[in-house]
Amino acid sequence: MFSSVRKNFTQFNLMKRPIVLAAAVAAGTIASTALGGKYDDLTAKGFRWAIADGPYAAVSKDDAHVVADHLAEHVLLQMVEQVKVFYLTPGTIVQVTEEDPRTGTSKIRMAGITSDLWTLTRFLSKHPVKDTYGVIETPENSGLIPTSTTGIDVGPTPTPSFGPSATPGTSPGPEMSPAPSVSPVPSESPTPAAAQ
């Protein structure tokens, strides 16, 4: 009895496998096409995602090769202290501003770093990579491209003249001083109006 149940179950699974496999392939194709289309324009604009984890972005092209050759820790620490290298983390989006195929390096722009850096091209991917939070970074959500004004609002700019008689380079005269007022006398303490 159990052998007939097992036989029927096995036949059912064998028949269903191609259907499940076809559905999985179709879903994967649709998802990759949707994601690919969304990020293809970023790739065309030179954006890439870091796949390396470590101090692999350097100020100079030569230093990019030096740090990729797995330096001794004390040399690497010295380069970090001298601000010659910066850390790449997987999923960080960067913009490639120059590529040197001969040396295998790319000049990149990273969010929060004021100067362009060099890294090995092999540390960058044209395909989106999730960051440590499970998010695919875009230029907008990473801070690489500002979405609004990033300047500090210090309020309105004062006009050059603060009064009708103001002249640049002169100090205000005594007529512009405020009127004197009565100051409280330190020896007297004020009494509340309700107590009087």
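Laboratory data are not the source of any read-out in this text; all were calculated from the coordinates shown. The shown structure was predicted, so the numbers you read here are calculated from the model rather than taken from an experiment. We place every Cβ from the backbone using ideal geometry, glycine too, and count neighbours over all the protein chains shown.
At-a-glance table
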{"item": "Residues listed by number, the stretch 36-62, amide nitrogen under 16 Å from T132 label point at 7 Å toward C-beta", "result": "50-57"}
{"item": "Net length gained if the chain between D62 and V75 were fully extended (0.36 nm per residue, minus Cα distance)", "result": "3.2 nm"}
{"item": "Karplus (6.51, -1.76, 1.60) ³J(HN,Hα), θ = phi - 60°, over the stretch 90-107, in Hz, Gly and Pro reported as x", "result": "x, x, 5, 8, 9, 10, 7, 9, 7, 10, 10, x, 5, 9, x, 10, 10, 8"}
{"item": "Net charge of Cβ neighbours under 9 Å - reference L117; Lys, Arg +1; Asp, Glu -1", "result": "+1"}
{"item": "Overall form of the stretch 72-136 per C-alpha gyration tensor (a/c, 1.5; a/b vs b/c)", "result": "oblate"}
{"item": "Cross-link pairs K107/K130; K38/K61; K84/K130; K38/K84 - those with Cα-Cα distance over 25 Å", "result": "K38/K61; K84/K130; K38/K84"}
{"item": "Amide H partners (placed H, <5 Å) of L124, local residues excluded", "result": "I51"}
{"item": "Amide proton proximity set for I136, modelled H, under 5 Å, gap of 5+", "result": "D131"}
{"item": "Candidate aspartates and glutamates - alpha carbon under 18 Å from K45, same-chain residues fewer than 8 apart omitted", "result": "E98, E99, D100, D116, E137, E140"}
